[in-house]
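Since every read-out is calculated from the coordinates, none of them should be taken as a lab result. As the structure is a computational prediction, the values presented were derived from the model and not from experiment. All Cβ positions, even for glycine, are placed from backbone atoms using ideal geometry, and neighbour counts span all protein chains on display.
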Amino acid sequence: MEERRKFMRLDASFDIFQIHEVFGGRPEKIISRLKNICREGLRLSSANALAKGTVVGLEIPIPWGTAVISAFSEVIWSEKIDETGYDTGMRFTRIEAEDRARLLDYAYNSMLKTGDRNYNMG
């Protein structure tokens, strides 16, 4: 399998929310766990399978701040990891440049604070 990643992945682990529109009702928030992030997208763990191509709204509360980052992302891949959940790779389709920078800054600073110099380029 040919590697297609262009950007360094930074490990991150905190809860984020997927926002799904429910037909005839209010949007539904589903808690997911962020696993890593890069300039173009993120990887999350969730109890729900998401179909490739699905566009999902995200609310990302940065743990050290009070603001919540709102973004949209497209599902690039989703794979069952065990009987309780799925890992999903997503590409940002809409995120403010300032929010992207804050999110990456948080992941990078977390890596430095924990002393974990493991990042993933592939």
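Some points to look at:
- Sorting the segments 69-79, 95-105 by their residues' average number of neighbouring beta-carbon atoms within 10 angstrom, most packed first, yields 69-79, 95-105.
- Over the range 21-113, equivalent-ellipsoid semi-axes from the Cα gyration tensor in Å: 22, 16, 13
- Rounded FRET efficiency, nearest 0.05, which uses the C-beta distance separating ALA51 from TYR108 and R0 of 30 Å: 0.45
- A full extension of the chain between GLU40 and PHE72 corresponds to an added length of 10.4 nm, given 0.36 nm per residue minus the alpha carbon distance.
- Label separation (ILE81 vs ILE30): 1.5 nm, computed from points 7 Å beyond Cα along the C-beta direction.
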